[in-house]
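Notes for the one structure printed next.
Read the figures in this text as sums done on the coordinates, not as results from a lab. Just so we're clear, the structure is a prediction, and the values are computed from it rather than from any experiment. Cβ: placed from backbone, ideal geometry, glycine included. Neighbour counts: every protein chain shown.
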Amino acid sequence: MSDLFDLSGRVAVVTGGSRGIGRAIAEEMAAAGAAVVPASRSADAVTQVASDIRDAGGTAHGATVDVADPESVDSLMDEVVDTFDGVDVVVNNAGVNPDDALGRPEDVTQSGFEQTVAVNLEGAFTCARTAAPYLQASDHGSLINVASVGGLVGLPRQHPYVASKHGVVGLTKSMALDWAPDVRVNAVAPGYVATDLIEDALNTESVRQSLLDQTPLNRFAEPSEIAGPAIFLASDAASFVTGSTLSVDGGWTCR
Ligand SMILES: NC(=O)c1ccc[n+]([C@@H]2O[C@H](COP(=O)([O-])OP(=O)(O)OC[C@H]3O[C@@H](n4cnc5c(N)ncnc54)[C@H](O)[C@@H]3O)[C@@H](O)[C@H]2O)c1
């Protein structure tokens, strides 16, 4: 097989790596040869993910982080460098969409809005800024932001989430400009993926059907289907790709 997608020798940090899309990205990047650091708030969960990856033959170290806390992000990057001697890839995947951030604008609480932006947007920026010296020292520096279709189009009843993800898409473009030619910065914009994040929607038949009706491929993605595009963006196969947001949405944004 061509080595275009080979991540051997690279160290990849995946925030929100304890489950869902982040876990799948960590597992698949490890299978592509990277040493991976699944990082999330639960020590037990990331330790288990790292252990599972090692059992499958990969290289992994679980680390705790709260991306909304800059000191915690500092500690994470120190731990990664102590463990693997550098950082080549950061996947800003940690994200939330809390109940009190859902609904018509007048129903959204201040704390719901702030929490959503603190994790999805500020957290992504903090991780990028903190990893910057390591990414810039790497020959393969790559930042990948996990945005959403909600970063490209409006979604009713998800205003803080949509605002935060549009911010992530904006950051992707502006950081790509400042960090070129040393570090490539890209985003993936998933459509609806069967994870805990959208459990309520999947369990409400009318909402579930409406989401399927808006997805030309007429199904929800599996978390692993977001991992391939992330590996592409991290790899030499995407060596001339920066500042882009890759839709991985079953056609949602074609309409
Ligand atoms: N599931 C979908 O349909 C979908 C669609 C588009 C985009 N996304 C995005 O994909 C990413 C992953 O979502 P998912 O569906 O796997 O959700 P999930 O809820 O299954 O996983 C989210 C992960 O983020 C972690 N996390 C949350 N807050 C954190 C914090 N403050 N610090 C560190 N880690 C934190 C959680 O512990 C978990 O590991 C998110 O950014 C989400 O917005 C998801």
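Charge tally for residue 123 (other residues, Cβ to Cβ under 15 Å; Lys, Arg +1; Asp, Glu -1): -3. Taking amide H as placed 1.01 Å from N in the peptide plane, residue 145 has its amide H under 5 Å from the amide H of 92, 186, 187, 188, each at least 5 places away in sequence or on another chain.
Think of each Lys and Arg Cβ as +1 and each Asp and Glu Cβ as -1; about the Cα centre, that makes the dipole of the chain roughly 760 debye. Taking the helices alone, the chain has a mean residue ellipticity at 222 nm of -13500 deg cm²/dmol, built from -39,500 (n - 2.57) per DSSP H run of at least 4 residues and averaged over all its residues. Using a cut-off of 13 Å between beta-carbons, work out the net charge of the residues near residue 233 (Lys and Arg +1, Asp and Glu -1, residue 233 not included). Spelling it out: positives minus negatives among the neighbours equals -1.
Helix 70-84 axis versus longest C-alpha principal axis of the chain: approximately 40°, rounded to the nearest ten. As an exercise, identify the trypsin sites (Lys or Arg not before Pro) in region 177-244 lying in DSSP coil whose Cβ has no more than 14 other Cβ atoms within 10 Å. Listed in order of number, the matching sites are 219.
Centroid-to-centroid, using Cα positions, region 234-251 and region 1-20 are 14 Å apart. A convex hull fitted to the Cα coordinates of region 3-245 yields 120 cubic angstrom per residue. Just to confirm the number: angle between the C-alpha axis of helix 43-55 and the first principal axis of the chain, 0 to 90 degrees, nearest 10? For helix 43-55, the angle is close to 60 degrees.
Averaged over residues, the count of other Cβ atoms within 10 Å places the peptides 226-232, 99-105 in the sequence 226-232, 99-105, highest first.
For the chain, relative contact order (Cα pairs under 8 Å, six or more residues apart, normalised by length) works out to 19 percent.
Against the chain, whose longest principal axis is taken from its Cα atoms, helix 159-179 shows a tilt of about 30°.
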